[in-house]
Each structure stands twice: as C-alpha cells, then as structure tokens.
Amino acid sequence: MSKPVVAIVMGSESDMPVMEEAAKVLDNFKIPYKLLVASAHRSPRLVQEFARSAEASGIEVIIAGAGGAAHLPGVIASETVLPVIGVPIDSSPLRGIDALLSIGQMPSGVPVATMAIGTAGAKNAALFAIAILARKDPVLNEKIKRFREDMARAIERKMKGAPDS
Ligand code: RP5
C-alpha cells in the first residue's frame, strides 16, 4: 500500500461518524490517508508528536475535525507548515457553532482553512485536500473535473425526469 499523503485527525472517537465522510471521499479518489484520534487537551503530547513529524513522514495535507472549543486544527497548524483544513463537528449543545467560530477565527500568522459544520464540511475537506494535491498531479486534476461533471449531470438527469420538465 502507498504511503499516506493526507492525515485525518479528530479530537475524539465520537467524531468518527462525521470524519469517516472525508475518508470515503479520499477512498473514491484513491488517495492514501491515515486516520488518527488525538485530542489537543486530553492527549496534547500525541498531537504535538504527530504535527511535528507529519511533513517528514510524507503527509502533504492535514484534515482536523473537532467539536466544542475545537482548538485541535489550530494547535496542529502551530506545529507544522503543512496546509491544515479544519472541520467543525456538531458534537456540543451549541451544535457546532462554537467549533465553527473557534476554527474560523484563527489570529493572523497561522492559518487554518475552515469548512462547513458536520458531514458537508468533512466531505469538502477531503475535496479541498484533493484540490491541493492535484496542483502537481494532472491525472488527479482531471478526476476532479470529471467528479464535478458527474455531479452536474446527475442533477440535470433528475430534473429531466421531474414532472414539469
Ligand atoms: C472535542 O470534544 C472532540 O472533538 C469532540 O467533538 C468533543 C466531544 O468529545 P467526547 O467527549 O465525545 O470524547 O474535543
């Protein structure tokens, strides 16, 4: 099996149902990835070790999902220059609004790309990671174009079958 180029990190095992959606997209595009549960506050050493060694281990993009105070993507970004894509998880009583604001409001100097809350964000995080990888992979770039075309065609087909068309 080829070495992972994307890492999907999440703050808790309870984030897995959302973050699995990112993994499924990467599977469809045949992108090798690794999954890791590491919490910025419960297992900070693990997060630090992962982030510091990610670049040298061949990872090119990091997707980090967390709920609540959601400092995981920012903490990872503070320890690596790899692009970090944050996914706010709707795991708290505030339904992800807290995580969205926390991940989105990174002070200047250390960026985190912020996706939508929940499964849409997880899927888009994977597509965004693929778009980054595709900048130096023309075959992957074509796959993204085909994916977009297929998406448009599926909607067009549905509309053609709809009563008023
Ligand atoms: C965050 O706290 C995790 O990312 C998760 O979304 C949330 C709740 O974690 P658990 O209490 O379910 O482990 O750090």
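The values are calculated or read from the model by the stated rules, or taken from the named source; none is laboratory data. Values in this document were obtained by computation on a predicted structure and should not be read as measured data. All Cβ positions, glycine included, derive from the backbone under ideal geometry; neighbour counts span all protein chains shown. These accessible areas exclude ligands, DNA and RNA; they are computed on the full protein's heavy atoms, side chains included. Shrake-Rupley method; radii C 1.70, N 1.55, O 1.52, S 1.80 Å.
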| Inter-centroid distance (Cα atoms) of region 101-136 relative to region 67-86, Å | 10
| Can you pull the percent of region 1-89's accessible area that's carbon plus sulfur, 1.4 Å probe, other chains left in place? | 54
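When the chain is fully extended, how far beyond the present Cα-Cα distance does Asn141 get from Ser2, taking 0.36 nm per residue of separation? Don't skip to the end; give the middle numbers.
On the way: separation 139, 0.36 × 139 = 50.04 nm, distance 1.93 nm.
Length gained, Asn141 through Ser2: 48.1 nm.
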| query | Which peptide among 118-127, 10-19, 28-37, 62-71 comes first, and what is the full order, when sorted by highest mean count of other Cβ atoms within 10 Å? | reply | 62-71, 118-127, 10-19, 28-37
| message | Under 21 Å between alpha carbons: how many lysine pairs meet that in the chain, if sequence neighbours fewer than 8 apart on the same chain are excluded? | response | 19
| query | Which FRET efficiency value, to the nearest 0.05, do you get for Lys30 and Ala154 by plugging their Cβ-Cβ distance into 1/(1 + (r/R0)^6) with R0 = 22 Å? | reply | 0.60
| request: Starting from one equal scatterer on each C-alpha and no solvent at all, send me the Debye-based log10 I(q)/I(0) for region 1-85 at q = 0.12, 0.13, 0.15, 0.17 Å⁻¹, two decimals. | output: -0.30, -0.36, -0.48, -0.62
| remark: Relative contact order as a percentage, region 19-165, C-alpha pairs under 8 Å and 6+ apart, gives 22
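Helix-derived [θ] at 222 nm for the chain: sum -39500 (n - 2.57) over DSSP H runs of at least 4, divide by residue count, nearest 500? All intermediate terms of the calculation are to be shown ahead of the outcome.
Values: 6 runs with 79 residues, N = 165.
Calculated at 222 nm, the ellipticity per residue is -15000 deg cm²/dmol.
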| field | Zero-based 10 Å bins, Cα pair distances in region 15-165, whole percents | value | 11, 37, 32, 14, 5, 1
| said: Please report the accessible area of Glu142 (heavy atoms, 1.4 Å probe, ligands and nucleic acids excluded) in Å², nearest 10. | reply: 90
